[in-house]
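Every number here is computed from the coordinates shown, using simple stated rules; none is lab data. From a predicted model like this one, the values you see are computed outputs, not experimental measurements. Cβ: placed from backbone, ideal geometry, glycine included. Neighbour counts: every protein chain shown.
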Amino acid sequence: MVEPLLVVSGLAARIGRVPILAGVDLAVPARGIVALLGRNGVGKTTTLRTIMGVVEATAGSIRFADQDITRLQAHLRPGLGIGYVPQGRGIFPLLTVRENLYLGLRGPADPAIETHVFERFPRLAERLDQKAGTMSGGEQQMLAIARALMMRPRLLILDEPTEGVMPRLVNDIRREIAAIAASGIAVLLVEQNLRTALRLARHVVIMERGHTAFAGPPESLRADPDLAHRLLGVGAPT
Amino acid sequence: MSVTAINRTLTAVLLAVLVAAPWVLPMFEAEFWLAITAEMLIWGLFAASANLLFGHVGLLSFGQALYFGFGMYGVAIGVDRFGLGFWPALGLGIAAAVAMAAVAGVFAVRLTWHYFAIITVVFSLIFYFLALRLKPLTGGDDGLSFAPPPVARFGDVTLSLGDETVQYLVILAFAVAAFAFQARLYASPLGRAFAAVRESERKAALLGIDVLKVRWIAFVIAGGLAGLAGALFAFYGRYASATYMYYVVSGEAVIWTIVGGTGTLLGPGIGAALLTLVREELSTVWEHYLLVVGAVVILTVVFAPRGIAGAWNAALARLPGVRS
């Protein structure tokens, strides 16, 4: 069996003195989308931030590409091939689109990747010299995803990419996420919209009060409406 | 036409005016301004060092005078005590400043905001008092005077700093080279990392940027720029003094930067030139001219937070047919 690209085992973390995570287990295969779901405040964002090294893990382990990265400094993780699009996008509003796009690169951009990114997000190519903060929420989200792609990630972590985005652009972003996954990049997706998550994901992980309460294919969730209702507060869409 | 294109054209015009100054000023019997312009260039370079840290990395330093002083003393000690020529002495001044910044930076870049500002002042004060105490090496209160060695010899022709035109052109050449270097730096991946760290350390780290390393590199480069300014000022004044290592001198660089425009390329030079001009024109007629400087700073902060260069860019962008 092929080792998953990202394996999180028994992960625990606290913010200040408050324990937020206590036993998160999840695995992301090298291809496809894994959706991380749960009610507000169960620790989804903290899980992603701990994977990225922004929050320190107090127990458990994080392995990426067969390497233990639990104690690795945050700034060294993107270089391994982990792209992260945080909640709220994490763009630099006072810098131009161009500056934002190339921020994570240590040298000149790979022309092939550059072309690929601009084909995927043509709006960005038209707005290269515009201040990122002056773009719409959806365009900023596209910029955040494009910036992560410029760094040629093997795994892309997306934290609520459609939050605060105008409905017209939500479908565009979902389509792009599916296309990114289809191009061979593994995706770990936190998404509030259950219907979207279940449609895109190959595998679903549900968190409850800081730990993993369910992990399995979306079909299992659809087959057990009570489970979805108990863990998410809503019924699984058919 | 874009703001950038207009500014590039104006920069080329300004450069042409600066190059022509030694031959144009005598036509108006204004040779005196050649020395003042040379001083403006040096102070502009010094302000650029504060701007690199504050405007590009977000670190407010009140200690750049320390590296300016190391540049000065490197040259003065090199010439006076070791008998070095122009270039080795200049190199010694810059190397001393860079080495000092590399050591101080290890401690300073771990801090931010007022803590960073305080530690830079503390380093500056330590070496200011040390320079006063180490009289055999630094000349103490009296400072160190020296006769500048020739810049170069071509057969029978000697380029000497005693010739005011040569001195001015040497200073201009270094200032232009230093500003060209900064332009390249800010457009490079390292320059982009500076901007990312300035905007948000956390976001920068999530993009794989080693925040402490980037800050340290910026600190060392800024030290080098201040050291170059100090070295040139030592040649300009034939003198090195601990007075120039005092934190008040560092504060002036911050003021020039704020007035000229933080985070802009030529803003610090503009601020330094303007306030040197105010000093030259007003100090002879009114001893409290610093009140005017203070008023200029307050007005700038209130009405043009991005300084003269920022206000200029904003005004250009409002013109019809000009895009930002």
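In the protein assembly as shown, the calculated helix contribution to ellipticity at 222 nm averages -17500 deg cm²/dmol per residue, counting -39,500 (n - 2.57) for every DSSP H run with n ≥ 4. Spread over its residues, the convex hull of the C-alpha atoms of the protein assembly as shown is 195 Å³ per residue. Quick one: grab the alpha carbon gyration tensor of chain A, order the square roots of its eigenvalues as a ≥ b ≥ c, and give me rounded if a/c is under 1.5, else prolate or oblate depending on whether a/b is larger than b/c. Note, shape of chain A comes out prolate. Distance between the modelled labels on A:ARG209 and B:ALA35, one decimal in nanometres: 8.1 nm (7 Å Cα→Cβ projection).
The GluC sites (Glu not before Pro) of region B:10-107 that DSSP puts in a loop, and whose beta carbon has at most 12 other beta carbons within 10 Å, are B:GLU29.
Take the Cα of B:ALA152, step 7 Å toward its Cβ, do the same at B:THR243, and the gap between the two points is 3.3 nm. Residues of region B:206-248 falling in the label zone of B:PHE82, defined by backbone nitrogen less than 16 Å from a point 7 Å along Cα to beta-carbon, are B:228, B:231-232, B:235. Volume of the convex hull of region B:3-318 (Cα atoms only), normalised per residue: 152 Å³. With a Förster radius of 22 Å applied to the C-beta separation of A:ASP66 and A:ARG31, the computed FRET efficiency comes to 0.85. Between helix A:167-182 and chain A, what is the angle of the helix's C-alpha long axis to the longest principal axis, kept within 0 to 90° and rounded to the nearest 10? The answer is roughly 80 degrees. As a proxy for reagent exposure, ranking A:HIS75, A:HIS211 by other Cβ atoms within 10 Å from fewest up yields A:HIS211, A:HIS75. Amide H contacts under 5 Å for A:PHE214: A:ILE206, restricted to partners 5 or more places along the chain or on a different chain, H placed in the peptide plane at 1.01 Å from N. This ranking places B:MET72, A:MET52 by how few other beta-carbon atoms lie within 10 Å of each, fewest first, which gives A:MET52, B:MET72. Residues A:ASP68, A:ASP224, A:ASP159 in ascending order of nearby Cβ atoms (within 10 Å, fewest first): A:ASP68, A:ASP224, A:ASP159.
Spacing of the modelled spin labels on A:ALA182 and A:VAL54, each 7 Å from Cα toward Cβ, amounts to 3.0 nm. Residue-wise HN-Hα couplings along region B:189-196, as the Karplus relation 6.51 cos²θ - 1.76 cosθ + 1.60 with θ = phi - 60° gives them from phi, are x, 5, x, 5, 5, 3, 4, 5 Hz; Gly and Pro carry x.
When chain B is treated as a GNM with alpha-carbon contacts under 10 Å, the residue of B:GLY227, B:GLY63, B:GLY208 showing the greatest mean-square fluctuation is B:GLY208.
Rounded to the nearest 10 degrees, the inclination of helix A:137-150 to the longest alpha-carbon principal axis of chain A is 90 degrees.
Of all aspartates and glutamates in the structure, those lying under 18 Å Cα to Cα from A:LYS44, and not within fewer than 8 positions of it along the same chain, are A:ASP25, A:GLU56, A:ASP159, A:GLU160, A:GLU163, A:GLU191, A:GLU208. Compared with the dominant principal axis of the Cα atoms in chain A, helix A:111-120 is inclined by about 70°. So what does log10 I(q)/I(0) come out to for region A:106-192 at q = 0.22 Å⁻¹, using the Debye formula with one equal point on every Cα and no solvent? Per q value, in the given order, log10 I(q)/I(0) is -1.19.
Within the same chain, lysines fewer than 8 places from B:LYS213 are excluded, and of the rest, those with a Cα less than 29 Å from its Cα are A:LYS131, B:LYS203. Of the two radii for region B:116-158, the radius of gyration is 1.32 times the Kirkwood radius, both from the alpha carbons; that is the Rg over Rh value.
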